[in-house]
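I have placed the structure first, in the form of structure tokens, so that the comments after it can refer back to it.
Read-outs throughout are calculated quantities, based only on the coordinates presented, and are distinct from any laboratory measurement. All figures in this text were calculated on a predicted structure; none of them were measured in a lab. When we count neighbours, we look across all protein chains shown, and the Cβ atoms used for this are built from the backbone with ideal geometry, even at glycine.
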Amino acid sequence: MTELGRRPAGPTRRELVEGIERELTLAGLESAAVEARRLVAAALGLEPADVVGEGAIRVEPSEAVRVARAVGRRLQGEPLQHIEGTVDFRSLRLVSDGRALIPRPETEQLVDVVARWVKGRDRSVERALDIGTGSGVLGLSLLEECLAAHVVALDVSAEARELAAHNAAHQAAEAFEIRPCPPEIWPAIKPDETFQLVVSNPPYVTSAEWAGLEPVVRDYEPRIALDGGEDGLDVIRAIVNGVGSVLSPGGAVFLEIGANQGPEVLRLLRAEPRLVNARIERDLAGRDRFAVAEKPLSGGASG
Ligand code: GLN
């Protein structure tokens, strides 16, 4: 090798992570250690555990450039998940970008609430409806975990539908049927169509709260997926008002809601004559987070 071709040895993975952790800490990021490891992993195409597990391996200059670019994006305020490009949600790894909301851990718990209900039934769920599917996360989890055989997934946003279709690529097209829907939702459902299960993580943040969200959320995630109007309940009201006619007898609706919306959503559900057993369930942090209601096996107003 000529003198010119000889390169100084680059930093090890561990040294690189430590340097980035210091940089992120200085920039005021809360979980700097975790983020540093994940950014290096994303840039090098590794799992975070391998970055430290094989921390003595030296980083090539071209790899260091990719890492620096990823760190730069994070320091500019971009969400970590957009830089990683994927999010792990239960057993799924989904593509996540600015086309839809980044799947949140609370929503993983919504699937547990649904799973308990499905497992307590004597029949499996044939057809489920996912309202505002975004990245596809809820509907695809239902299929993945055999909580439904067929999912109709609605979204107002064409970009979100494109992302959901991408994430559904490993699913049989007939099992995950994506449809556009208008803001009033129900025209997307055919007159004779019914579902045993309806799930939704609707936008539920109030417009005022939306304006005050952290820039990493407000500036990078679609407003339409977060802003539920003046009291945050616009979409929830639309769902509660119409869900009674698309649920089959014995079916149930599961909604993710804001931590201070429990009493009001319970009131809305109880005011809907076609629903019974309305209840609010909490997330792991002990906050009201999920609303559930059922359609009685008999005595419902329709179908
Ligand atoms: N939990 C989300 C947030 O606070 C809101 C999700 C939603 O509106 N569906 O960012």
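Couplings for segment 254-271, taken from phi via the Karplus curve 6.51 cos²θ - 1.76 cosθ + 1.60 with θ = phi - 60°, read 10, 10, 8, 9, x, 4, 10, 9, x, x, 5, 5, 4, 4, 4, 5, 6, 7 Hz in order; Gly and Pro are left as x.
Close amide H pairs (under 5 Å, H built 1.01 Å from N) link PHE254 with VAL198, VAL199, SER200, residues at least 5 positions away or on another chain. For the peptides 70-78, 236-244, the ranking by mean Cβ contacts within 10 Å, running from highest to lowest, is 236-244, 70-78. With both partners inside segment 171-296, how many of the DSSP beta bridges are antiparallel, as a percent to the nearest 5? About 60 percent, rounded to the nearest 5.
Mind sorting TYR220, TYR204 by how few other Cβ atoms lie within 10 Å of their own Cβ, fewest first? Intermediate values should be presented prior to the final figure.
Numbers: TYR220 16, TYR204 24.
With the fewest neighbours first, TYR220, TYR204 line up as TYR220, TYR204.
In this structure, the amide hydrogen of PHE176, modeled 1.01 Å from its nitrogen in the peptide plane, lies closer than 5 angstrom to those of VAL151, counting only residues at least 5 positions away or on a different chain.
Indicate, rounded to the nearest 5 percent, the antiparallel portion of the DSSP beta bridges found entirely in the chain. Please list the in-between numbers first.
Values: 15 of 35 bridges.
Antiparallel bridges: around 45 percent, rounded to the nearest 5.
Within the listed set PHE195, PHE89, PHE254, the Gaussian network model of the chain (springs between alpha-carbon atoms below 10 Å) gives the highest mean-square fluctuation for PHE89.
Shape analysis of segment 1-144 yields a ratio of the Cα radius of gyration to the Kirkwood radius, Rg/Rh, of 1.13.
Phi angles across segment 103-118 convert, under the Karplus curve 6.51 cos²θ - 1.76 cosθ + 1.60 with θ = phi - 60°, into 3J(HN,Hα) values of x, 9, x, 4, 5, 4, 5, 4, 5, 5, 4, 5, 4, 4, 5, 4 Hz, Gly and Pro given as x.
Among GLU193, GLU30, GLU174, which one shows the highest mean-square fluctuation when the chain is modelled as a Gaussian network with alpha-carbon springs under 10 Å? Most flexible of the set in this elastic network: GLU30. Protection proxy ranking of 97-104, 127-134, by the mean of other Cβ atoms within 10 Å over each peptide's residues and highest first, is 127-134, 97-104. Residue-wise HN-Hα couplings along segment 66-77, as the Karplus relation 6.51 cos²θ - 1.76 cosθ + 1.60 with θ = phi - 60° gives them from phi, are 5, 4, 4, 5, 5, 5, x, 4, 5, 5, 6, x Hz; Gly and Pro carry x.
With the simple spin-label model, which puts each label point 7 Å out from Cα in the Cβ direction, the GLU145 to GLU209 separation comes to 2.3 nm.
Compared with the alpha-carbon gap, the fully stretched path from ASP50 to ARG270 is longer by 74.1 nm at 0.36 nm per residue. First check a/c for the chain, with a ≥ b ≥ c the square roots of the eigenvalues of its C-alpha gyration tensor; if it is under 1.5, answer rounded, and if not, answer prolate when a/b is larger than b/c or oblate otherwise. Cα axes put the chain in the prolate bin.
Can you give the calculated 222 nm mean residue ellipticity of the chain, where each DSSP H run of n ≥ 4 adds -39,500 (n - 2.57) and the sum is split over every residue, rounded to the nearest 500 deg cm²/dmol? All intermediate terms of the calculation are to be shown ahead of the outcome.
Working: 12 runs with 117 residues, N = 303.
It comes out at -11000 deg cm²/dmol, rounded to the nearest 500.
When HIS170, HIS82 are arranged by Cβ crowding within 10 Å, least crowded first, meaning fewest neighbours, the order is HIS170, HIS82. Taking all Cα pairs closer than 8 Å and separated by 6 or more residues, the relative contact order of the chain comes to 13 percent. What residue among VAL34, VAL156, VAL199 shows peak mean-square fluctuation when the chain is described by a Gaussian network model with Cα springs under 10 Å? In this elastic network of the chain, the residue with the biggest mean-square fluctuation among VAL34, VAL156, VAL199 is VAL34.
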